[in-house]
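The values are calculated or read from the model by the stated rules, or taken from the named source; none is laboratory data. Predicted model, so just to flag it, every value in this text is computed and none were measured. In this analysis, Cβ positions are derived from the backbone assuming ideal geometry, glycine residues included, and neighbour counts consider all displayed protein chains.
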Amino acid sequence: MQKARAFTARAIHAARLLARDERIPKPLRWLVLIGLLPIPGPFDEALLLLAAPLLFISAGEPMRDAWRRAETERFARPS
C-alpha cells in the first residue's frame, strides 16, 4: 500500500511539473492542467489518457526529466 501511495504521489508531482514545462506546447500543457483538476466524473481522467500518448510521442525527454525531478524533489522536501 505504501508503494502505491508513493507512486501515485510521484506521478501527480511529475504531471504538475509537466504542466509548467516550457518545452511542451501550450495546448498540450493546458490539456494536462485541465486533466489535473478535480472534476467529478471521468472527464479529467479521459483528458489525461488522451494527453499521455501525445506527451510520450512529442515530449519524451521532458517527461523523463519530470519523472526524475518528482523523485528527487520528494526526498528534498521536509516532511
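No other residue among Arg77, Arg64, Arg68 is of a type in the set (Lys, Arg) and at pLDDT below 85 apart from Arg77. As for segment 19-28, it holds at least one residue that is at negative phi, in contact (Cβ under 8 Å) with a residue 12 or more places away in the chain, surrounded by 10 or more Cβ atoms within 10 Å (Cβ to Cβ) and of a type in the set (Asp, Glu).
Taking segment 29-56 as the region of interest, how many residues are buried (at least 18 other Cβ atoms within 10 Å of the Cβ) and farther than 17 Å from Arg68 by Cβ? Within segment 29-56, residues that are buried (at least 18 other Cβ atoms within 10 Å of the Cβ) and farther than 17 Å from Arg68 by Cβ number 6. Scanning segment 20-66 for residues that are of a type in the set (Val, Ile, Thr), assigned to a helix (DSSP H, G or I) and within 14 Å of the chain's Cα centre (by Cα) yields Val32, Ile34. The set of residues in segment 5-53 being of a type in the set (Asp, Glu) and under 25 Å from Thr72 (Cα atoms) consists of Asp21, Glu22.
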